[in-house]
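Inspection log for the structure reproduced underneath, given as structure tokens.
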Amino acid sequence: MGSAERHVSVIGLGRVGLPLALSFHDRGMRVLGVDHDPRVLESLRAGRMPFNEAGTQELLDDAVRSPRWELSARAADAARAQDIVLTLGTPSFSHIESDLSQIRAAVDDLLPLLAPGHSLILRSTIAPGTTEFVAGYVAKRRGLRIGEEVFVAHAPERIAAGRFLEEISRLPCIVGGVDDPSTERAAELFGAFGAPIVRTTPVQAELAKIWTNILRYATFALPNLLMMDCERYDANVFEVIDLINHDYPRGGIAMPGLTAGTCLRKDFAFSEERSNAPGMLLAVSRVNEAVPLFLVEGIKRRLGTVSGRKVAVLGLTFKRDTDDERDSLSHKLVRLLERELADVAVCDPHAPSPTQPLGDTLDGADVVIVATNHSEFEGEPLLREILARASGECLLVDPWNAVGGAQVFAYAGESAQLLGLEFSAEAG
Ligand SMILES: NC(=O)c1ccc[n+]([C@@H]2O[C@H](COP(=O)([O-])OP(=O)(O)OC[C@H]3O[C@@H](n4cnc5c(N)ncnc54)[C@H](O)[C@@H]3O)[C@@H](O)[C@H]2O)c1
């Protein structure tokens, strides 16, 4: 099947599905994008990306003028294409269980229309066994022969937000079909991007994806735990990290920060729900989730109270230079500060939520917290702005070491001295 006449549907036009659908279109395929959220369809019909993803607005500009680009609100319409890619949300329930309801709903809508020749490809992050479950469900409910009539595979998405168009044609694409013909159908479709295709079993593809994220989540929990331990021992976490990493050839430890986001915060649950070491990954999650409270407690230890004090929170999104606020720990930090009756001001030039300009946020602040290490919140320029605007005794909280003073908690004047900046106590 050549890509010129290939017809593909993508169900779920979120941060994963929409860039993928646009990329299939960009490779010459006929694409039907499906999403049941009317706001998503309205934005796309008006030619506007609902979120930022580098280079995709240009692809959408082309798509809206193209006869090969169609949109629909109904999952059942996806059956018009031979290849159906599912990029639906796969949250986890709060009691640690994979929530498959979006996938079940879309598959149920498709079931009556599935016919010989269809290929179902799960691109969402899913718990081990889900691809086999979907294949079994289709076979049981429709009596279709999997691998002969209908094909089912998992091709997990491992691209970092903001780098989609760069990574789709470079990152190895893992493809695990429930049988060889299913693997080959999915490999042929994703082969259009030119990245190496790595063939495996569905469960190995599922495990590879969730453990890619578990590795990152645990990797950041270690420096976060170390940061909290250092506070107990009155040690400097950045100096300890430097002692660990300096000229040491066997790996290294990452830097602390606020670690969450929609994938890391829930994907560990897909292992934890059937874990051989129940609680181990839950502990990783608890460490990362404890960081906002650790910061608030650290501020209270130094200032006594934050009640009635102005606290400037810089950054609302879950990571640097993205506009994705979902599952960001900044929101938790703000809620904890509000429970301490602090006067919280927030600045985030990337976030969709309304926030204040940097100057207004810093004006008269008693505490400044760098919650997201956006490129706007870095080094000397930020410190100068804080010195000029915040209160003379402003406490700077910088778990990312964004300013460069290598102190999680330091008075802004101390940071200025550490960085060799001229500082007058009257500033601010
Ligand atoms: N966001 C990321 O960076 C990322 C990276 C790798 C993998 N993933 C995984 O990819 C999957 C999708 O993630 P996302 O961030 O794009 O999710 P999302 O929630 O942004 O997108 C899902 C979309 O599906 C739509 N939808 C839900 N049910 C539907 C239905 N029955 N019919 C039609 N549309 C429906 C929703 O309206 C939404 O727009 C998840 O499994 C996620 O874990 C996400």
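Quick look at the values:
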quantity	calculated
Given (1) in a strand (DSSP E or B); (2) in contact with a Lys or Arg (Cβ under 6 Å, 6 or more places away or on another chain), index of the condition residue 125 fails	(1)
Conditions (1) assigned to a loop (DSSP other than H, G, I, E, B); (2) more than 16 Å from the ligand (Cβ to nearest atom); (3) free of Cβ contacts under 8 Å to residues at least 60 places away in the same chain: number failed by residue 317	(2)
Residue check for residue 104: among the basic types (Lys, Arg) and crowded, with 18+ Cβ neighbours inside 10 Å	no
Near pairs, Cβ below 8 angstrom, 6+ apart or cross-chain, from the range 60-80 (touching a residue at least 60 places away in the same chain (Cβ under 8 Å)) to any residue that is within 16 Å of the ligand (Cβ to nearest atom) and assigned to a loop (DSSP other than H, G, I, E, B)	75/36; 79/114
Residue check, residue 14 within 13 Å of the ligand (Cβ to nearest atom) and either surrounded by fewer than 19 Cβ atoms within 10 Å (Cβ to Cβ) or at pLDDT 95 or above (or both)	yes
Condition met for residue 73 (near the ligand (Cβ under 10 Å from one of its atoms), among the aliphatic types (A, V, I, L, M) and either outside the structural domain of residue 127 (by TED's automatic domain parsing) or farther than 20 Å from residue 141 by Cβ (or both))	yes
Test result for residue 306, modelled with pLDDT of 95 or more, open to solvent by less than 40 Å² (accessible area, probe 1.4 Å) and in contact with a helix residue (DSSP H, G or I) (Cβ under 8 Å, 6 or more places away or on another chain)	yes
Residue match in the range 216-223 (condition: among the aliphatic types (A, V, I, L, M), surrounded by fewer than 22 Cβ atoms within 10 Å (Cβ to Cβ) and farther than 30 Å from residue 301 by Cα)	no
Condition check for residue 116: within 16 Å of the ligand (Cβ to nearest atom), open to solvent by 40 Å² or more (accessible area, probe 1.4 Å), farther than 28 Å from residue 265 by Cα and of a type outside the set (A, V, I, L, M)	no
Residue in the range 85-101 that is over 22 Å from residue 207 (Cα atoms) and within 13 Å of the ligand (Cβ to nearest atom) present	no
Those helices (runs of 4 or more DSSP H) lying entirely in the range 164-266 with at least 1 residues away from the ligand (no atom under 16 Å from the Cβ) and modelled with pLDDT of 95 or more	180-190, 202-232, 237-245
Candidates 6, 65, 39, 27, filtered to the one that is within 16 Å of the ligand (Cβ to nearest atom) and either touching a Phe, Trp or Tyr at 6+ places or on another chain (Cβ under 9 Å) or open to solvent by 20 Å² or more (accessible area, probe 1.4 Å) (or both)	39
Residue ID - modelled with the highest pLDDT, chosen from residues in the range 405-425 that are small (Gly, Ala, Ser) and open to solvent by 40 Å² or more (accessible area, probe 1.4 Å)	420
Residues of the range 332-346 satisfying the condition of being open to solvent by 50 Å² or more (accessible area, probe 1.4 Å) and in contact with a strand residue (DSSP E or B) (Cβ under 7 Å, 6 or more places away or on another chain)	338, 343
Failed item in (1) within 15 Å of the ligand (Cβ to nearest atom); (2) open to solvent by 60 Å² or more (accessible area, probe 1.4 Å), with residue 270 passing the rest	(2)
Single match in 96, 146, 159, 126 (criterion: assigned by TED's automatic domain parsing to the domain that holds residue 34 and open to solvent by less than 10 Å² (accessible area, probe 1.4 Å))	126
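Here is a yes/no grid of residues against (1) of a type in the set (Phe, Trp, Tyr); (2) within 17 Å of the chain's Cα centre (by Cα); (3) within 16 Å of the ligand (Cβ to nearest atom); (4) in a loop (DSSP other than H, G, I, E, B):
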position: 306; (1), (2), (3), (4): no, no, no, yes
position: 321; (1), (2), (3), (4): no, yes, yes, yes
position: 345; (1), (2), (3), (4): no, no, no, no
position: 349; (1), (2), (3), (4): no, no, no, yes
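The values are calculated or read from the model by the stated rules, or taken from the named source; none is laboratory data. All of these numbers come straight from a predicted model, not from anything done at the bench. FYI the Cβ positions are ideal-geometry reconstructions off the backbone, even for glycines, and counts take in every protein chain you see. To get the accessible areas, we keep the full protein, side chains included, count just its heavy atoms, and leave off ligands, DNA and RNA. Shrake-Rupley method; radii C 1.70, N 1.55, O 1.52, S 1.80 Å.
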